[in-house]
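Read the structure below first, then the notes.
The values are calculated or read from the model by the stated rules, or taken from the named source; none is laboratory data. Just so it is clear, the model here is predicted, and its values are computed rather than measured. As a convention, Cβ positions derive from the backbone with ideal geometry for all residues, glycine included, and neighbour counts pool all protein chains shown. What goes into the accessible areas is simple: the full protein's heavy atoms, side chains included, and nothing from ligands, DNA or RNA. Shrake-Rupley method; radii C 1.70, N 1.55, O 1.52, S 1.80 Å.
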Amino acid sequence: MLNSITENLTTIASGAEVSNVEVTMAMIVALGLGIIIAVTYLISNKYVLNRKGFSLTLIMLPIILAVIILFVGSNVARAFSLAGVLSIIRFRSAPGESKDIGYIFFATAAGVGCGVGMYLGSTIFVVFMSIVMLILEKLTFGGNNRAKKLKIVIPEDLNYENVFDEVFNKYTSRYALQKIKTTDLGSLYEANYEVTLKQGIQDKEFIDELRARNGNLNITLTMYGE
């Protein structure tokens, strides 16, 4: 095992062509580590909405990085070509929480480790970090996340940007506007939020406060997974 890793590192460092076996091995290990990272993310973020796409990204990222590192190696021409390709890529997804960025670095480190042939070290790192994150989730470190999806129908003449701020500050520990669109032939707005209610807050009192602000139009508060 140690000799195989050493040979992989020597091959990459010398800029020589890597074999199909090495690429396949790196992809398989990176896939396994990506699945572990994604499962850890889903378990530790089970009350957070709309995380399916991000969890799939966590599976893809280690594989992509491992293959890129294997293909580039120490070849300067390839490295510059890769930089040129990546420079034209525009990331259009909405920025996530700081914890999401941490998971991106988590998956990146795993992919880099597989790319340089350090399979055992990468596995130990991923398993260790996953155990740490699950323990912190079990201990509800940082508080209990009770994220819900909120949809509010708003009259056309109502300023949706500020009208609910007072209610959100009173009843939620976190809120974020996800999407706003017009409905009913443009006579109404539909605002979609992700909200986390404070401990002890009842859904009914929260909704009643919102109804007083939106003219008693339709309001939908949905639990995660519904």
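A few remarks follow.
- In the stretch 176-199, the residues that are more than 11 Å from residue 154 (Cα to Cα) form Cβ pairs under 6 Å with partners that are among the hydroxyl-bearing types (Ser, Thr, Tyr), at six or more places apart or across chains, as follows: 177/193; 193/175; 195/172; 195/175; 196/172; 196/173; 197/172; 198/173.
- Every condition in (1) modelled with pLDDT of 85 or more; (2) within 16 Å of residue 212 (Cβ to Cβ) is met by residue 151 except one, and the failing one is (2).
- Looking across the stretch 111-122, the residues that are open to solvent by 50 Å² or more (accessible area, probe 1.4 Å) and over 20 Å from the mean Cα position of the chain (by Cα) come down to 118, 120.
- Positions within the stretch 10-42 being in a helix (DSSP H, G or I), surrounded by fewer than 19 Cβ atoms within 10 Å (Cβ to Cβ) and modelled with pLDDT under 85, in sequence order: 10, 11, 13, 20
- Taken together, 73, 84, 96 contain a single residue that is loosely packed, with under 11 Cβ neighbours inside 10 Å, at pLDDT below 75 and out of contact with any Leu (no Cβ under 6 Å at 6 or more places or on another chain), which is 84.
- Pairs are defined by a Cβ separation below 8 Å, a sequence spacing of at least 6 or placement on different chains, a first member in the stretch 117-141 that is among the charged types (D, E, K, R), and a second member that is part of a helix (DSSP H, G or I); the pairs so defined are 137/43; 137/44.
- Checking each residue in the stretch 194-226 for being part of a loop (DSSP other than H, G, I, E, B), open to solvent by less than 80 Å² (accessible area, probe 1.4 Å) and touching a Phe, Trp or Tyr at 6+ places or on another chain (Cβ under 7 Å) picks out 198, 201, 213.
Residues are listed down the side, and each one gets a yes or a no for (1) open to solvent by less than 10 Å² (accessible area, probe 1.4 Å); (2) among the aromatic types (Phe, Trp, Tyr); (3) under 17 Å from residue 59 (Cα atoms); (4) at pLDDT below 85:
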{"site": "134", "(1), (2), (3), (4)": "no, no, no, no"}
{"site": "140", "(1), (2), (3), (4)": "no, no, no, yes"}
{"site": "167", "(1), (2), (3), (4)": "yes, no, no, no"}
{"site": "179", "(1), (2), (3), (4)": "no, no, no, no"}
{"site": "192", "(1), (2), (3), (4)": "no, no, no, no"}
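- Within the stretch 143-165, being more than 27 Å from the chain's Cα centre (by Cα) and open to solvent by 60 Å² or more (accessible area, probe 1.4 Å) holds for 156, 157, 159, 162.
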